[in-house]
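Just so it is clear, none of the values below were taken in a lab; they were calculated from the coordinates. Quick caveat, the model's predicted, so the values are computed rather than measured. Because the Cβ atoms are built from the backbone with ideal geometry, glycine has one as well, and the counts that use them run over all protein chains shown.
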Amino acid sequence: MDSEQAVSLEARVDDLLSRMTMTEKIGQMSQLNWDSTGLHQAVRAGRVGSVLNLVDVQETNHLQKLAMEESRLGIPLLMGRDVIHGFKTVFPIPLGQAASWNPGVLAEGARIAALEAASAGINWTFAPMIDITRDPRWGRIAESLGEDPYLCKTLATAAVRGYQGTDLAAPGAIAACAKHFAGYGASESGRDYNTVNLPEIELRNVYLPPFEAAADAGVATFMTSFSELNGVPASADTFLLKQVLRKEWGFRGMVVSDWSSIPQMTTHGFTSGDRDAAFAAANAGVDMEMASSTYAAHLQSLVDEGRIPESDIDAMVARILQLKLRLGLFDNPYTDPADFPAIANPAHLEAARRAAVQSCVLLKNDHRLLPLSAEQPGAIAVIGPLADEAREQLGTWVFDGDPQYTQTGLQGLRTLLGERATIRFSKGLEHSRSKSHEGFADAVKAARDSDVVILFAGEEAILSGEAHCRADIGLPGHQEALIDEIAATGKPIVLVVMAGRPLTLESVMPKVDAILYAWHPGTMGGPAIADLLFGNEVPSGKLPVTLPRMVGQIPIYYARKNTGKPANPETFVHMDEIPVNTPQTSTGMTAMHLDAGFTPLFPFGYGLSYSEFKYGNISTSAAAIGPGDSIRISAEISNDGAFTAEEVVQLYIRDLVGNVTRPVRELKGFKRIRLKPGQCATVSFDIHTDDLAFYNRDMKFAAEPGLFHAWVGGDSNAVLRTEFSIAGQL
Ligand code: BGC
């Protein structure tokens with residue numbers, strides 16, 4: 001927006017505000033669900049600013065018409081909907097998309113989601129969810145972009161641009177929403193809606209950066225979290241909303257509550273009732289109330305009593321009106337689906353396939369079992385409760401995705417291999433939680449009669465997402481027993497995991513030959529998986545989150561602190577090997593678990609390829625830099641394998657001494673490159689001292705002089721290291 005546009009926008013808002021009654025202003029601040037009683041009348045009366053969850057384009061047009069033509073001031077409606085990983089064309093769950101480490105995947109997914117949703121009259125989505133989480137028990141990890149602030153903020157920026165484009169008024173652009181502000185992903189014990197306690201320093205260094213990046217990227221709206229943060233429910237948190245969001249970051253967009261999160265503050269034990277809650281939220285600057293009606297019921301009297309200044313209400317309403325103007329809704333409130341590309345058209349489906357390809361992470365590939373031969377595939381047993389489940393593979397929180405477009409793993413394999421392969425399909429288990437062994441014999445027979453087994457296991461969609469947390473994150477039901485029986489046939493097994501979170505797979509590892517972690521891969525998961533298993537595509541996904549061995553290790557994440565007694569592989573002894581009557585000091589007295597050790601099953605950033613990448617010749621452009629300078633860190637990567645393949649080259653940095661202790665490594669850059677066999681490339685990262693800044697003990701954001709280690713490699717355990725310094729004195 002140039003300054004002239006901004007002035008005219010402001011003038012239009014001022015003009016509207018000057019003509020609005022207090023009831024109409026409060027109306028703008030209220031968002032109602034589409035099935036609310038009396039919705040039409042409320043729209044006519046100017047008592048609704050936004051409608052939620054309506055996807056019938058005739059009805060959205062009808063409501064817009066009521067707002068435009070029958071309400072006194074003719075103010076159009078914001079039409080909100082969760083379109084978190086696709087509308088009709090469903091992309092991999094956000095955590096899966098994050099495994100692509102490709103901002104292009106996020107941007108394209110968001111753009112297509114926006115186009116399809118806009119064709120139904122939706123102009124605002126509640127995405128991206130950018131809560132950092134380090135707890136795979138939390139069901140909403142599926143909606144997240146993983147454990148790391150740098151990866152999350154890079155991908156979040158891409159998603160915001162994908163939804164919003166460069167001009168919100170352009171057809172197919174919709175407003176995005178950075179949610180849930182803030183700290184929600186640190187819910188105690190990974191239980192949804194639970195208490196969050198985060199020291200401010202941790203909040204600022206880990207949980208807030210993606211939100212700041214979204215604000216910088218121009219995200220139109222923010223959503224407050226259901227949870228409390230350090231004793232204050234987020235919908236009333238003046239520190240978060242006023243100090244950080246408005247004052248420090250200068251965010252001028254709109255803030256919406258989460259669904260009924262305002263009245264829930266009374267349940268939290270923070271407010272005494274709806275009136276008190278409405279006051280607390282409005283006082284903190286929550287511009288719009290989602291679903292509940294405490295604003296509608298109480299703001300007027302709070303203003304009358306002078307508890308909320310009318311100027312505050314005006315400022316909040318102005319932000320809502322500004323968004324409507326920026327979206328061009330006053331001029332174009334109606335939607336004609338014919339103006340948009342068809343939903344689930346071939347280009348959208350192909351983009352979803354590409355996204356799924358890059359989202360899958362190859363965790364294991366013994367004896368180079370994969371890729372399987374597409375020319376001579378032989379007989380293949382396709383087994384498992386998730387091999388042919390059109391709905392389950394779409395993943396969580398999919399309200400509009402249509403399973404009729406879905407191509408399952410089984411279908412993908414059949415289409416790819418055609419007559420060349422004999423495919424024997426046997427589910428083994430009816431669904432992922434089943435404990436009935438009735439289908440085992442048939443599955444074992446299919447395996448015996450085949451050359452190779454492709455086993456689709458994991459979680460149904462309903463086991464992750466909001467309010468779907470698990471304390472045991474192993475394979476549910478008797479899937480492992482099924483794997484045991486199939487493994488006993490001695491046939492090579494490729495395990496394809498479809499899940500909404502990291503699962504604990506340590507005991508499964510030795511029983512299978514290859515593991516492809518496909519998350520919930522969306523509409524086009526089947527063709528993507530088939531292309532990967534048979535070598536039309538080469539795996540390139542990398543874990544956006546650490547995979548624990550067992551639940552008791554949680555939280556386990558790569559950017560941990562060193563501690564004063566770091567775990568030592570040389571002294572680690574598993575508890576089963578400790579002789580009876582051994583003295584206390586025998587295990588080296590270090591930070592580890594006697595049963596699980598201290599390493600995850602797979603580290604953050606990990607993912608195999610069919611090819612082989614070698615890293616070497618790491619260098620820096622200088623041995624030392626001054627504050628405000630940049631340094632270039634470079635390394636050579638060669639493709640020593642036999643496949644043209646993509647690799648995500650990752651840069652990690654450690655600040656060795658800090659005013660507060662610093663993580664043992666932090667991701668500071670990544671690049672996806674494509675190399676032919678034998679090809680070599682130099683990959684460089686330019687790091688400014690600002691990129692090394694952090695909040696210190698005094699809550700000051702600055703880089704500190706001193707020594708830094710830098711690693712370049714294919715995951716967070718990268719060994720190729722160099723170092724440099726920032727000169728100066730503390
Ligand atoms: C979720 C939000 C979502 C909202 C609207 C809530 O339950 O926490 O993430 O946007 O519902 O559907």
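For residue 383, neighbours were defined as the other residues whose beta-carbon sits under 9 Å from its Cβ, and their charges (Lys and Arg +1, Asp and Glu -1) total +2.
Taking 0.36 nm per residue of separation and subtracting the current Cα-Cα distance, fully stretching the chain between residue 330 and residue 690 would add 125.4 nm.
Whole-Hz Karplus values for segment 238-245 come out as 5, 5, 5, 7, 8, 5, 6, 5 Hz, taken residue by residue from phi with 6.51 cos²θ - 1.76 cosθ + 1.60 and θ = phi - 60°; glycine and proline positions read x.
Within the chain, DSSP assigns beta bridges of which about 55% are antiparallel (rounded to the nearest 5). Dividing the radius of gyration of the alpha carbons in segment 319-400 by their Kirkwood radius gives 1.18 for Rg/Rh. Cβ crowding within 10 Å ranks 235, 311, 432, 507 as 311, 507, 432, 235, fewest other Cβ atoms first. Over all pairs of different C-alpha atoms, segment 416-532 has a mean inverse distance whose reciprocal, the Kirkwood radius, equals 14.9 Å. Taken along the Cα-to-beta-carbon direction at a fixed 7 Å, the label points for residue 598 and residue 656 span 1.9 nm. Sorted fewest first by neighbouring Cβ atoms within 10 angstrom, 292, 18, 619 come out as 18, 619, 292. Legend: ranking of residues 286, 512, 55 from fewest to most surrounding C-beta atoms inside 10 Å; resulting order 55, 512, 286. Per-residue ellipticity at 222 nm from helix content only, as computed over the chain with -39500 (n - 2.57) for each DSSP H run of at least four residues, stands at -7500 deg cm²/dmol. Taking every alpha-carbon pair in segment 399-454 and binning the separations at 10 Å intervals from zero gives 20, 40, 32, 9, 0 percent. I'd like the Kirkwood hydrodynamic radius of segment 300-355, using the inverse of the mean 1/r over distinct C-alpha pairs, in Å. Radius from the Kirkwood sum: 15.3 Å. For segment 643-703, the list of trypsin sites (Lys or Arg not before Pro) that fall in a loop by DSSP and count at most 12 other C-beta atoms within 10 angstrom reads 697, 700. For residue 625, the residues 5 or more places off, or on other chains, whose built amide H falls under 5 Å of its own are 725, 726, 727. As a quick test, which of the pairs 179/542; 491/542; 247/668; 247/671; 153/247 have an alpha carbon distance above 22 angstrom in this structure? Table pairs above 22 Å Cα-Cα are 179/542; 491/542; 247/668; 247/671.
Using the Karplus relation 6.51 cos²θ - 1.76 cosθ + 1.60 with θ = phi - 60°, the per-residue 3J(HN,Hα) values for segment 513-520 come to 8, 9, 10, 10, 8, 9, 6, 9 Hz, with x marking Gly and Pro.
Each Lys or Arg adds one and each Asp or Glu takes one away; over the other residues whose Cβ falls under 15 Å from the Cβ of residue 441, this sums to -2. Peptides 315-323, 495-503, 365-373 ordered by packing proxy, namely the average of other Cβ atoms within 10 Å per residue, highest first: 495-503, 315-323, 365-373. Relative to the 2.2 N^0.38 Å rule of thumb, the chain has a C-alpha radius of gyration ratio of 0.99.
Structural size metrics of segment 481-626, computed from C-alpha coordinates, are Rg and Dmax of 19.9, 63 Å.
For segment 8-108, the spread of Cα coordinates along the three principal axes comes to 50, 34, 19 Å, biggest extent given first.
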